[in-house]
Amino acid sequence: MAFEYAPAPESRSVVDLKSSYGLFIGGDFVDGSGPTFKSVSPATEEVLAEITEASDDDVDRAVRAARQAYTRVWSRMPGRERAKYLYRIARIIQERSRELAVLESLDNGKPIKESRDIDLPLVAAYFFYYAGWADKLEHAGYGDDPRPLGVAGQIIPWNFPLLMLSWKIAPALAAGNTVVLKPAETTSLTALLFAEICQQADLPPGVVNIVTGAGATGSALVAHGDVDKVAFTGSTEVGKAIARTVAGTSKRITLELGGKAANIVFDDAPLDQAVEGIVNGIFFNQGHVCCAGSRLLVQESVYDDVLSRLKRRMATLRVGDPLDKNTDVGAINSAEQLAKIQELSEIGETEGAQRWSVPCRLPDRGFWFAPTIFTGVSQAHRIAREEIFGPVLSILTFRTPAEAVEKANNTPFGLSAGVWTDKGSRILWMADQLRAGVVWANTFNRFDPSSPFGGYKESGFGREGGRHGLEAYFAN
Ligand code: NDP
């Protein structure tokens, strides 16, 4: 049954957008020496603000500010004092969460109900969690007196702008490092609002520096001689380039890269719950999720049943205005990403898979892609091997648990996997067999600050989150 919904738009008046933004260096917003570029709302193509592209000189200025703050202030400050700043930042994030959520949805295109109910609560939780560690580092399991590394260069993608910022900045600061962070070109605005929050929290100048820009800015940060650690989340291709730059230097590195996760449904699974998990696994955040369940493996005996339930459920998804509180699937983040999703979907059809998209009206302006599934997919198809990073699900089948494991592991990636079954013993057996950093059982896309997250193989190395996430920011 189709329901009529009255629009329920969240007001954007809570956000005070400036027409242009500089860089955040040494505790102040400063002009950069590079050109500017525009940040647009992917839902409407409206220009939101002019952003500065940080040059090599600007990156150098930021790294010098971070080094000074590290040597003079932050590395000397007792952990219990650093904790106070992190708690303060966490509380301000909670207080300003509506403003941050609206800006995130405006700039990124994700539905407000996700930025409001998932991203922002998690962002605050990561800061609270690592604030809690700052005065207990000697109990983290990394020696009696773990020492910070120094200056961390951190580069984040556009799919979870603030959440990835919190995964990077909170552990680095808790461990006593200072940071220079580069947000993605299409989603810099919430990082710049976070810079204001650092000012509001009276964070000592230079402890957090934000340099906006594109790939060249990120590359200058990675190559800078006074950066001690590089933390990157993004595509496997750029991750490999970063690894090549860092190779042979004393820099430490963590890479959180792509994925092509298998979401595996056995015939004894509670199917309605599994269908919710399939939908959440691939349509959450428009499928712009590195750990998305983009390959559905269904046991053959329940294939027809799962497929018909899935289509019925997908038909209820509401695609449209990210600021409307009814919206389930928002806008694709950029024209480039939309082109990539369209291209891979066309390749899927050319290679012989059958495409089905939700029949829905897409807005005239902006970047949109209807939730889509492919059946008749074989393991050799590109849509089964490559990260599409959009609301596109490839469906395959299996007969035995061993076949499910073999198909799930048949990928160069290894970030996450999901298992749906009634049997606890099978969950444990599968978790043991699957080459994935995270295995969810009867759920999907669950995150918690106390739980480590990271990959195998081309999904990268190092862990973020939990006690493990601190390790990457210690020298010993
Ligand atoms: P990138 O890997 O290019 O972007 C991630 C971050 O790295 C951004 O801040 C980007 O800046 C920056 N960057 C780009 N080039 C360099 C470089 N040479 N040195 C240092 N930093 C650099 O991802 P894209 O946005 O281009 O997306 C491409 C594809 O990557 C997507 O289609 C998707 O498949 C995948 N992806 C995977 C993510 C994941 O978490 N697994 C996240 C994002 C994308 P800028 O954005 O300004 O170019």
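The values are calculated or read from the model by the stated rules, or taken from the named source; none is laboratory data. As the structure is a prediction and not an experimental result, all values here were calculated from the model. Reconstructed Cβ throughout: ideal geometry from the backbone, glycine too, with neighbour counts over all protein chains shown. We work out accessible area using only protein heavy atoms, side chains counted, and drop any ligands, DNA or RNA first. Shrake-Rupley method; radii C 1.70, N 1.55, O 1.52, S 1.80 Å.
Of (1) within 16 Å of the ligand (Cβ to nearest atom); (2) outside any helix (DSSP H, G or I); (3) open to solvent by 20 Å² or more (accessible area, probe 1.4 Å); (4) more than 19 Å from residue 22 (Cβ to Cβ), residue 144 satisfies all except one. Which?
Against the list (1) within 16 Å of the ligand (Cβ to nearest atom); (2) outside any helix (DSSP H, G or I); (3) open to solvent by 20 Å² or more (accessible area, probe 1.4 Å); (4) more than 19 Å from residue 22 (Cβ to Cβ), residue 144 comes up short only on (1).
Among the candidates 120, 103, 163, single out the residue that is within 14 Å of the ligand (Cβ to nearest atom), of a type outside the set (Val, Ile, Thr) and closer than 16 Å to residue 197 by Cα.
Unique residue meeting the criteria: 163.
To keep it simple, each residue is scored yes or no on (1) surrounded by 23 or more Cβ atoms within 10 Å (Cβ to Cβ); (2) not β-branched (Val, Ile, Thr).
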residue: 287; (1), (2): yes, yes
residue: 290; (1), (2): yes, yes
residue: 301; (1), (2): no, yes
residue: 305; (1), (2): no, yes
residue: 312; (1), (2): no, yes
residue: 316; (1), (2): no, no
residue: 326; (1), (2): no, yes
residue: 330; (1), (2): yes, yes
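Could you tell me whether any residue of the range 229-251 is away from the ligand (no atom under 11 Å from the Cβ), open to solvent by less than 10 Å² (accessible area, probe 1.4 Å) and either among the basic types (Lys, Arg) or assigned to a helix (DSSP H, G or I) (or both)?
Checked the range 229-251: at least one residue is away from the ligand (no atom under 11 Å from the Cβ), open to solvent by less than 10 Å² (accessible area, probe 1.4 Å) and either among the basic types (Lys, Arg) or assigned to a helix (DSSP H, G or I) (or both).
Quick check on the range 258-278: of everything there that is farther than 26 Å from residue 461 by Cα, of a type outside the set (Val, Ile, Thr) and touching a residue at least 60 places away in the same chain (Cβ under 8 Å), which residue is surrounded by the most Cβ atoms within 10 Å (Cβ to Cβ)?
This residue is 274.
So which pairs qualify, if the first residue must be in the range 114-131 and over 18 Å from residue 82 (Cβ atoms), the second must be hydroxyl-bearing (Ser, Thr, Tyr), the Cβ gap must be under 7 Å, and the two must be at least 6 apart or on different chains?
115/105; 120/97; 123/166
Test residue 413 against the stated conditions and say whether it is closer than 27 Å to residue 233 by Cβ, open to solvent by less than 20 Å² (accessible area, probe 1.4 Å) and not basic (Lys, Arg).
No; evaluated as a whole, the condition is false for this residue.
In this structure, does residue 202 turn out to be over 28 Å from residue 30 (Cα atoms), out of contact with any helix residue (DSSP H, G or I) (no Cβ under 7 Å at 6 or more places or on another chain) and either at pLDDT below 95 or open to solvent by 10 Å² or more (accessible area, probe 1.4 Å) (or both)?
no
Could you please give the count of residues in the range 15-57 that are open to solvent by less than 50 Å² (accessible area, probe 1.4 Å), over 24 Å from the mean Cα position of the chain (by Cα) and β-branched (Val, Ile, Thr)?
Qualifying residue count, the range 15-57: 2.
Can you list the strands (runs of 3 or more DSSP E) found entirely within the range 323-416 that contain at least 3 residues being within 16 Å of the ligand (Cβ to nearest atom), farther than 18 Å from residue 42 by Cα and under 22 Å from the mean Cα position of the chain (by Cα)?
Once the strands (runs of 3 or more DSSP E) in the range 323-416 are filtered for at least 3 residues that are within 16 Å of the ligand (Cβ to nearest atom), farther than 18 Å from residue 42 by Cα and under 22 Å from the mean Cα position of the chain (by Cα), what remains is 392-398.
Quick check on my filter: what residues within the range 166-180 are within 16 Å of the ligand (Cβ to nearest atom) and more than 15 Å from the chain's Cα centre (by Cα)?
Residues satisfying the conditions are 179, 180.
For residue 225, which of the numbered conditions (1) free of Cβ contacts under 8 Å to residues at least 60 places away in the same chain; (2) within 18 Å of the chain's Cα centre (by Cα) fails to hold?
For residue 225, the failing item is (2).
Scan the range 417-427 for residues that are of a type in the set (S, T, N, Q) and part of a helix (DSSP H, G or I) and jot them down.
If the condition is that a residue be of a type in the set (S, T, N, Q) and part of a helix (DSSP H, G or I), then 425 is the only one that fits.
Could you grab me the full set of residues in the range 431-460 that are over 24 Å from residue 276 (Cα atoms), within 17 Å of the chain's Cα centre (by Cα) and charged (D, E, K, R)?
Residue satisfying the conditions is 458 alone.
May I ask you to list the residues in the range 428-456 that are of a type in the set (Phe, Trp, Tyr) and either open to solvent by less than 40 Å² (accessible area, probe 1.4 Å) or part of a loop (DSSP other than H, G, I, E, B) (or both)?
440, 444, 447, 453, 456
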